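Take a look at the structure below.
What follows draws every value from the coordinates through simple rules; no lab data is involved. This one's a predicted model, so the numbers in the text were calculated from it and none came from an experiment. Methodologically, a virtual Cβ is constructed for each residue, glycine included, from the backbone with ideal geometry; neighbour enumeration extends over all protein chains shown.
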Amino acid sequence: MLKRNDYYERCEKRLEEFNERHGVHLTRTDIIRPYGKALGTNGSIAVLRGNRAPEGAVIKHTACPKEMFKAILRARPFDNEEECLEAILKHEIHKGEAVFIRHEGPKGSGMPEMFYTSEAISSDKELGKSIALITDGRFSGASVGSIIGHCSPEAADGGPIAFVEEGDLIEIDVEARRLNIIGIKGERKTSAQIDDVLKSRRKNWRPREPRYKSGVLRIFSERAVSPMRGAYLE
């Protein structure tokens, strides 16, 4: 049917007109990939690990700006999405910062999607290529940008994301699958020094009051497992 009504020929002509109008040289195979020709060999997501996320964290690297594949950023931690979003909208977040949203994991708040914050970042041409969002919450397949979610263990479980402080240096290395704290208050430290600092912070850490006091959400917050294990009830 498509051949009989000259559909393919008309599409070819439209493509030629498009190329001429925009000064480009696209071919049919640039738009519809030939069958059997792989888009890539690394998939679309990666699991990063390190002293920031011992059990892992997820990034959709196919939607991440190449500038953020390897970066060292300064930490800006927030204990809920609302506070973080407000800071972004008020232009209080700056280039070179790693924005943390914690206590949004399964036990912390039921693991909502960090949609509004991720959209606020990705829609800003400067911030979208110069900062990262790191969270124990989740993101969807439609999210774009340097977004690292599902950080495990989550903050409510005493994961390292709970101990991140303002000015910590955060290393992101997508190719090497690394996510680490590599400095304190803007100063590089050795791995042993970082471990000592994290142990000290853990010692002084106290769990937050549960967000949900009763009902099924209270049960979920008590029984949910790690985001990287699926956030199911055990």
Checklist outcome for this item: The lysines whose Cα lies under 24 Å from the Cα of K107, excluding any fewer than 8 residues away in the same chain, are K60, K199, K203, K213
Next on the checklist: Can you tell me the length gained on complete extension of the stretch Y35 to S191, counting 0.36 nm per residue apart and subtracting the Cα distance?
Outcome noted: 51.4 nm
Item to check | Length-normalised contact order of segment 9-75 in % [C-alpha pairs under 8 Å, at least 6 apart] | outcome: 17 percent
Item to check | Radius 13 Å from Cβ of R52, net charge of other residues (Lys, Arg +1; Asp, Glu -1) | outcome: -3
Next on the checklist: Quick check: residue separation of E119 and V216 times 0.36 nm, minus the Cα distance between them. What number comes out in nm?
Outcome noted: 31.9 nm
Checklist entry - Shape of segment 62-184 from its Cα gyration tensor (a ≥ b ≥ c, root eigenvalues): rounded if a/c is under 1.5, otherwise prolate when a/b > b/c, or oblate? => result rounded
Next on the checklist: Taking θ = phi - 60°, what integer Hz values does the Karplus form 6.51 cos²θ - 1.76 cosθ + 1.60 yield along segment 90-100, in sequence order, with x for Gly and Pro?
Outcome noted: 8, 6, 9, 9, 10, 3, x, 10, 9, 7, 9
Checklist entry - What's the local net charge at E234, with K and R +1, D and E -1, over the other residues with C-beta under 13 Å away? => result +1
Checklist entry - Which length gain, in nm to one decimal place, applies between R208 and E92 when the Cα-Cα distance is subtracted from 0.36 nm times their residue separation? => result 39.2 nm
Item to check | Under Karplus coefficients 6.51, -1.76 and 1.60, residue-wise ³J(HN,Hα) of segment 114-130 in Hz, glycine/proline x | outcome: 8, 5, 5, 5, 4, 5, 4, 6, 5, 7, 8, 4, 7, 5, x, 10, 9
Checklist outcome for this item: If each part is reduced to its alpha-carbon centroid, segment 178-202 and segment 11-29 end up apart, in Å, by 53 Å
Checklist outcome for this item: In degrees rounded to 10, the 0-90 angle between helix 191-204 Cα long axis and the longest Cα principal axis of the chain is 60 degrees
Checklist entry - Mean separation of Cα pairs under 8 Å and 6+ residues apart, divided by the residue count of segment 108-234: what relative contact order is that in percent? => result 21 percent
Checklist outcome for this item: If amide H atoms are modeled at 1.01 Å from N in the peptide plane, then the residues at a separation of 5 or more from I148, or on another chain, having amide H under 5 Å from its own are L133, I134, T135
Item to check | Estimated inter-spin distance, E175 and R14, nm [label 7 Å along Cα→Cβ] | outcome: 4.0 nm
Checklist entry - What shape does segment 134-234 have by the C-alpha gyration tensor, where a ≥ b ≥ c are the square roots of the eigenvalues, rounded means a/c under 1.5, and otherwise prolate means a/b greater than b/c and oblate the rest? => result oblate
